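Inspection log for the structure reproduced underneath, given as structure tokens.
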Amino acid sequence: MVKMLSTFAALVLLVTCQCSAQAASPAPAGGGSTPAAAPPSNASQEYLEAHNQARAEVGVGPLQWSPSLAKSASLTARLQRDKHNCSFANLANSKYGGNQLWAGGFAMTPRAAVETWVAEKKFYTYENNSCAPDHRCGVYTQVVWKKSAELGCAAAACPKDQSSLTICFYNPPGNVVGEKPY
């Protein structure tokens, strides 16, 4: 079991939220919500439930699934697969918050991807809004960012190197400099 966990840890690579730090800004007119759509698919529901479980643990309200954000995440993941060998996307200029996860050697379920981001919680200190030295907490704080209301995620399988790339987008984006996530 320990060897399996070590292998898992060696094969999963995280990147912190690659969105630029945002200044606090008012919500878009009309709340910025995506119109109601069909219920999310099983994978979409799994992403949503895993996010909302982590948010509930810290007293933050649930996210809503956004087909528009999911489409953007899907297009981005497929572009990275098809044109960039499944490398991380540059999300620095995105209008959304974003988390990415690359996994090699096995399929990554939606829940496992989110739980990998949430695992950063152990390095985060809410009282002074900081992360332990030599660790990053940005993907965790984006998952639980109180002002984020919408979520859309997608994954691309990369058969060439037997890996996968998972991308989730959040609207409005989190990780605003000087603000606590909740």
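Values for this structure:
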| quantity | calculated |
| --- | --- |
| Accessible surface of region 42-82, 1.4 Å probe, proportion on carbon and sulfur as whole % | 46 percent |
| 23 Å Cα-Cα threshold exceeded, pairs from Lys122/Lys180; Lys122/Lys160; Lys71/Lys121 | Lys122/Lys160; Lys71/Lys121 |
| Amide H contacts under 5 Å for Gly152, placed H, 5+ residues apart | Ser66, Phe169 |
| At most 16 other Cβ within 10 Å, DSSP loop - trypsin sites (Lys or Arg not before Pro), region 68-162 | Lys95, Arg136, Lys146, Lys160 |
| Relative contact order [Cα under 8 Å, 6+ residues apart], region 37-98, whole percent | 19 percent |
| Per-selection Kirkwood Rh - region 77-135 (Cα, Å, 1 d.p.) | 13.9 Å |
| Added length on full extension, which subtracts the Cα-Cα distance from 0.36 nm per residue, Ala157 to Asn128 | 6.6 nm |
| Gained length - Glu179 relative to Ala107, 0.36 nm times residue gap less alpha-carbon distance | 22.4 nm |
| Förster radius 25 Å - calculated FRET efficiency between Arg78 and Ala119 (Cβ-Cβ, nearest 0.05) | 0.40 |
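The values are calculated or read from the model by the stated rules, or taken from the named source; none is laboratory data. As the structure is a computational prediction, the values presented were derived from the model and not from experiment. Neighbour counts are summed over all protein chains in view; Cβ atoms, including those assigned to glycine, are modelled from backbone coordinates with ideal geometry. Side chains are part of the model used for accessible areas, which takes the heavy atoms of the whole protein and leaves out ligands, DNA and RNA. Shrake-Rupley method; radii C 1.70, N 1.55, O 1.52, S 1.80 Å.
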